[in-house]
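The values are calculated or read from the model by the stated rules, or taken from the named source; none is laboratory data. Keep in mind that this is a model prediction, so the values were computed, not measured. Neighbour counts run over all protein chains shown; Cβ positions are idealised from the backbone, glycine included. Accessible surface areas use protein heavy atoms only, side chains included; no ligands, DNA or RNA. Shrake-Rupley method; radii C 1.70, N 1.55, O 1.52, S 1.80 Å.
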Amino acid sequence: MSLSRQEAFVRMHRSSRLTVTALLGTALITLAPLSPAQARSLPAVGASSETTALYDDEAGGNANADDPAIWRNPADPGRSLVVATAKEGGLRVYGLDAALVQSIPAPAPATEDDAPGRFNNVDLVTGLRTPAGRADVAVVSDRGNDRLRIYRIDPSRPGKPLTDITDPAAAPVFSADQAEINDQRTAYGLAAWQDRRTGRSYAVVSRRNATELALLELRPTAAGTVGYRTVRTLTLPSSFRLPDGTSWTPCGEPGELPQVEGMVIDPANGVLYAGQEDVGIWRVPAGLDGRPVLVDKVREYGVPGTYDPATEDCTPGTDPGFGGERLAADVEGLTLFREADGDGYLMASSQGDNTFALYDREVSEHNEYEGGFRVTSVSADLDGSEECDGAAVLNEPLGARYPRGLLVVQDGHETSASGGEEGRESTGFKFVDLGAVTDAADM
């Protein structure tokens, strides 16, 4: 890739989300939304450890932390792993001490004029049925190539527990050809699961700068690789009828629709929760064969905006008061806290005010809001989580280090003394004792 072409892709990647912090307003509905002071008053939890900072520049390999997943080692829970995406920097695998175990590069561009691989989101499937037996796999959305990549997890391989088993014949998820791939309206958010009724494994994938979702079935091959096929697609709304009869579309760059990234599936009831960044959280049948329901809205819902091409920002208009109460755009990092009795919580990153919202897992309870918390600084050497893009929670014992489970959250602004360097865009992941979260948030 020539330098000028590469720089163009870097600029395009870094402008993947418009600056919308100026849109933070106050929605005057039944209950008053959280003000900045109220957001700060939510229970605070400190991280136990953090990964080494990633740097989104040439010297740092254009690595940008985004989305984590937690794999539990059933034979030795204390040696479980965290698999996390680093965008153009590929994939990172960490131990429970947050130390790097394995680094996997993203695929190189097909030609010097094409987009490089760029790993956006990751999720896990345990017990994938293959001709060689059951396998635990990490499924990754490669936004740069519009494909899924599948990695087998093998803890018997110290230092290299993940192996790429993607079918070489795997086709683009949304794009018709390489030219469309280079436009980067490609595979973006991802959630994977196994259907308990059939034993088949699936992934739901969202499309960047669009509202389209695709249901893909994972298909193991006789050669030991894993491919996929599209089962069906679903398009979420891009414009909305407001209570006053007017129509509203979230402000964005011309031609870009309000995209979905954070997603999680509750396998117990076959429900997908999808975070449409500037809109709110949708509840959808995981098979994409039913009517979407908007569980909660961001505060900015309904606020008109004017896009300024010079600054690539949106200037907000008057807030009509139709927004939600608990989420500040973008809504990101959806993950599921499961309890043994089937209860639990849907957890969402409220990126605009650096908080995390908790919703009842039970659909019969209409996923009502149950509270929230923040991940805050412990010391100069261990900061909190800001502008969180991705999160993963596992409510199971993980050895002596995390006997009550683990929460891993992305930190979009690494500032600790042991991490970020001044003048460099740095990100990372925070490891949080789940017991501390449940105690603080009274879960």
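If you roll a 1.4 angstrom probe over the protein chains with everything in place, what fraction of the accessible area of region 43-126 belongs to carbon and sulfur, to the nearest %?
48
Please compute the length gained on full extension between Ala75 and Glu339, using 0.36 nm multiplied by the number of residues separating them and subtracting their Cα-Cα distance.
92.9 nm
³J(HN,Hα) across region 117-132 via Karplus (A = 6.51, B = -1.76, C = 1.60, θ = phi - 60°), whole Hz, x for Gly/Pro?
x, 8, 7, 9, 10, 9, 8, 10, 10, 9, x, 4, 6, 10, x, 8
How much accessible area does Val331 have with a 1.4 Å probe, in Å² rounded to the nearest 10?
Answer for Val331: close to 0 Å² accessible.
Taking a probe of 1.4 Å, how large is the accessible area per residue of the chain, in Å²?
That works out to 40 Å² per residue.
Arrange the peptides 397-410, 161-174, 221-234 so that the one whose residues have, on average, the most other Cβ atoms within 10 Å appears first.
Put in order of decreasing packing, that is 397-410, 161-174, 221-234.
Using a basic spin-label model with each label point 7 Å from the Cα along Cα→Cβ, how many nm lie between Asp289 and Glu421?
Using points 7 Å along Cα→Cβ, the separation is 5.3 nm.
Ordering Asp360, Asp343 by how much accessible area each has at a 1.4 Å probe, largest first, what is the list?
Sorted by accessible area, descending: Asp343, Asp360.
Based on the mean of other Cβ atoms within 10 Å per residue, sort peptides 180-189, 126-135, 250-259 so the most packed one is first.
180-189, 250-259, 126-135
Of Asn182, Ala171, His413, which is farthest on the positive side of the dipole of the chain, counting Cα position, with +1 on Lys and Arg Cβ, -1 on Asp and Glu Cβ, and the Cα centre as origin?
It is Ala171.
For region 231-367, with all protein chains present and a 1.4 Å probe, just round the carbon and sulfur fraction of the accessible area to a whole percent.
That share works out to 46 percent.
Using helices alone, what [θ] at 222 nm do you get for the chain, with -39,500 (n - 2.57) per DSSP H run of 4 or more residues, divided over all residues and rounded to the nearest 500?
Per the formula, -2000 deg cm²/dmol.
To the nearest 20 Debye, how big is the dipole of the chain about its Cα centre, given +1 on the beta carbon of each Lys and Arg and -1 on that of each Asp and Glu?
Taking the Cα centre of the chain as origin, the dipole is about 1560 debye.
For region 422-436, just list the computed ³J(HN,Hα) in residue order, Karplus coefficients 6.51, -1.76 and 1.60, θ = phi - 60°, integers in Hz, with x standing in for Gly and Pro.
Ordered by residue, 3J(HN,Hα) equals 4, x, 10, 6, 10, 9, x, 10, 9, 9, 10, 4, 5, x, 5 Hz.
Please give the contour-minus-distance gain from Ser41 to Ala108: 0.36 nm per residue of separation, less the Cα-Cα distance, rounded to one decimal in nm.
19.6 nm
Measure off 7 Å from each Cα along the Cα-to-Cβ vector at Arg157 and Arg401, then give the distance between these two points in nanometres to one decimal.
Placing both labels 7 Å beyond Cα along the Cβ direction yields 2.1 nm.
Between Asp97 and Glu217, what length in nm is gained on full extension when 0.36 nm per residue of separation is reduced by their alpha carbon distance?
The Asp97-Glu217 span can extend by a further 39.8 nm.
Please report the net charge: other residues with Cβ closer than 10 Å to the Cβ of Ala47, K and R +1, D and E -1.
-3
Once the cut-off is 42 Å, how many percent of the Cα-Cα pairs in the chain end up in the long-distance tail?
8
Between Asp142, Asp66, Asp244, which gets the highest mean-square fluctuation from a Gaussian network model of the chain, Cα cutoff 10 Å?
Highest fluctuation of the listed residues: Asp244.
How high is the relative contact order of region 355-410, in percent, counting Cα pairs under 8 Å that sit 6 or more residues apart?
Reported relative contact order: 23 percent.
Which residues' amide hydrogens lie under 5 Å from the amide hydrogen of Asp114, considering only partners 5 or more residues apart or on another chain, with H built in the peptide plane?
The list, which skips near neighbours in sequence, is empty: none.
Give the long-range amide H neighbours of Glu261: residues separated by 5 or more places, or on another chain, with amide H under 5 Å away, using H modelled in the peptide plane at 1.01 Å from N.
Gly275, Glu277
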